[in-house]
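The values are calculated or read from the model by the stated rules, or taken from the named source; none is laboratory data. Since this is a predicted model, take the numbers as computed values, not measurements. Please note: Cβ atoms are built from the backbone with ideal geometry, for glycine as well, and neighbour counts cover all protein chains shown. Note: areas computed on protein heavy atoms with side chains; ligands, DNA, RNA excluded. Shrake-Rupley method; radii C 1.70, N 1.55, O 1.52, S 1.80 Å.
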Amino acid sequence: MTEQNSTGISAETLIRLSAAQLAEKLAAGEVTAVQATQAYLDRIAAVDGQVNAFLHVNAEEALAVAAEVDAIRAAGGAEAESLHVLAGVPIAVKDLIVTIGQPTTAGSKILEGWHSPYDATVVERLRAAKMPILGKTNLDEFAMGSSTEHSAYGPTRNPWDLDRIPGGSGGGSAAAVAAFEAPLALGTDTGGSIRQPGAVTGTVGVKPTYGSVSRYGAIAMASSLDQIGPVTRTVLDSALLHQVIGGHDPRDSTSLPEPLADLVAAAKTGNVEGLRIGIIKELHGEGYQAGVENRFNDALELLKEAGAEIVEVSCPNFQYALGAYYLIMPSEASSNLAKFDGVRYGLRVLPEDGPMTIERVMGATRAAGFGDEVKRRIILGTYALSAGYYDAYYGSAQKVRTLVQRDFDAAFEQADVLISPTAPTTAFPLGEKLDDPLAMYLNDVATIPANLAGVPGLSLPGGLADEDGLPVGIQLLAPAREDARLYRVGAVLESLLEAKWGGPLLAQAPALGAESLETQEAK
Ligand code: GLN
């Protein structure tokens, strides 16, 4: 990919621009949307055989949208003036979010080949902004997992080391952005599926305040926890994308009524002076990899130098958050997944012998269509909700949820923003935790409290761990509806860190391509 396009920007350079930089070049006429979209499609063709970030590539439609943007720009006038700032900037969409014209699988065999008859609200908004949709990205089946190994379509690999996991459930979106296969992507975060993949791939991921981005058209995992959000390479890009997808939607009953704050302006504020940043005592130290802890301490040091006040807060009930999550999430999922019955959607498997009753068709379909992790959670969820156990399990978990919310309330009296590592470790080798569900669940220990309380969280790259040279994520948390604070602090920390590294962290990721494929095979 070394040929130059007509304006002298090589495809190699083009795919490495942030979305904001690409948008500027598009607006200035230095590059066309078709050139940018084609550069990304070429990159996908060159490296996705190794990464497996995409389940579906939407080349024709993406190029058509790009051509439409170019034509509007070329014609000039009012229509060109009113183009959205991200018009012509391509994006990838997690395959849990429904799209007209492309399949939606949720990473499951039960939806193989299924096409949604409607677009998710966020997808409608991408279309309104004229952003070419490059395709649909891989995920753990129904977003259950922390490694993307539970996908029915094979694991996604981490571009930093193809033998390691890209996080999950949104490993496809994070890997696509980290491998320069897309400048932007959408993810969903129920317990950390945007932030933890962000952490282990050196990308930025944001879980917005619950209700601030419409869930209409996101296949429900646990409705009271699910939230769609941005996956990007910079904090500013996340703010730009959040601004496109966020805001009230009458089709989501939990959608917040008020308009979004100016998140892009917040990302450009450029100072943290006098801001109180709270270290959550329970979310670092024991159980966290030394290299993760070191990068976390670096970040604190930089923020202090920039004028922030660092305080320590305690959230004692966070120790029960993981346990509560793994009761609430499966309970809601067991109910949400009841609709995959072999009658209304996707796969239908008929029983091999015996009577052809609806129950038996349902049973055969679900047995064949769902993977082990999904079955495990459906069983857990139905058990927790069953008459004799409801109070002991689901009821107790809901009480813990309230306690976690109270811990946040108290912490936000002492600090404007909270900070922790995003994940306890860097990316682990593929297969390492696949047979140990509890070890897999522990990856989410630092991300889950935000989902239980509905507060927003942002993960940004904090550098590379000393022991393995892999990316470490730093998580920022703010009170509900104060997403703007995350962008303000995140952008400042990002620029301090980049000054320290001499540029974006992803510039240090190993190159992918034909050459690295040979190296991989030689291993
Ligand atoms: N890894 C967590 C789980 O398996 C979170 C998933 C998510 O956020 N979708 O439940």
- Query: Does any residue of region 272-279 turn out to be within 27 Å of the chain's Cα centre (by Cα), crowded, with 22+ Cβ neighbours inside 10 Å and closer than 20 Å to LEU442 by Cβ?
  - Reply: no
- Note on the structure: Looking across region 8-52 at residues that are closer than 16 Å to ALA511 by Cβ and in a loop (DSSP other than H, G, I, E, B), the single one that is least open to solvent (accessible area, probe 1.4 Å) is ILE15
- Task: Mind listing just one residue for me: the one in region 8-27 that is aliphatic (A, V, I, L, M) and over 25 Å from the mean Cα position of the chain (by Cα) and, of those, farthest from PRO230 (Cα to Cα)?
- Result: ILE9
- Condition check for ALA499: out of contact with any Phe, Trp or Tyr (no Cβ under 7 Å at 6 or more places or on another chain), assigned to a helix (DSSP H, G or I), at pLDDT 95 or above and surrounded by 20 or more Cβ atoms within 10 Å (Cβ to Cβ): no
- Task: Take ASP407 and decide whether it is buried (at least 16 other Cβ atoms within 10 Å of the Cβ) and among the acidic types (Asp, Glu).
- Result: yes
- Query: Only one of (1) in a helix (DSSP H, G or I); (2) open to solvent by less than 10 Å² (accessible area, probe 1.4 Å); (3) away from the ligand (no atom under 16 Å from the Cβ) fails for VAL65. Which number is that?
  - Reply: (2)
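Conditions tested, residue by residue: (1) hydroxyl-bearing (Ser, Thr, Tyr); (2) touching a strand residue (DSSP E or B) at 6+ places or on another chain (Cβ under 9 Å); (3) under 30 Å from ASP372 (Cβ atoms).
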site: ALA411; (1), (2), (3): no, yes, no
site: THR426; (1), (2), (3): yes, yes, yes
site: LEU434; (1), (2), (3): no, no, yes
site: LEU438; (1), (2), (3): no, no, yes
site: LEU458; (1), (2), (3): no, yes, no
site: ILE474; (1), (2), (3): no, yes, no
site: ASP483; (1), (2), (3): no, yes, no
site: LEU486; (1), (2), (3): no, yes, no
site: LEU497; (1), (2), (3): no, yes, no
- For PRO103, work out the one condition from (1) open to solvent by less than 10 Å² (accessible area, probe 1.4 Å); (2) closer than 15 Å to TYR345 by Cβ; (3) not hydrophobic (A, V, I, L, M, F, W, C) it doesn't fulfil. (1)
- Collect the residues in region 431-489 that are charged (D, E, K, R), within 14 Å of the ligand (Cβ to nearest atom) and either in contact (Cβ under 8 Å) with a residue 60 or more places away in the chain or under 14 Å from VAL200 (Cβ atoms) (or both), keeping them in residue-number order. LYS433, ASP444
- Task: Go through region 122-147 and count every residue that is under 17 Å from ALA185 (Cβ atoms) and either open to solvent by less than 10 Å² (accessible area, probe 1.4 Å) or among the β-branched types (Val, Ile, Thr) (or both).
- Result: 15
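Which helices (runs of 4 or more DSSP H) sit wholly inside region 361-466 and have at least 3 residues that are β-branched (Val, Ile, Thr) and more than 27 Å from VAL492 (Cα to Cα)?
372-385, 396-414
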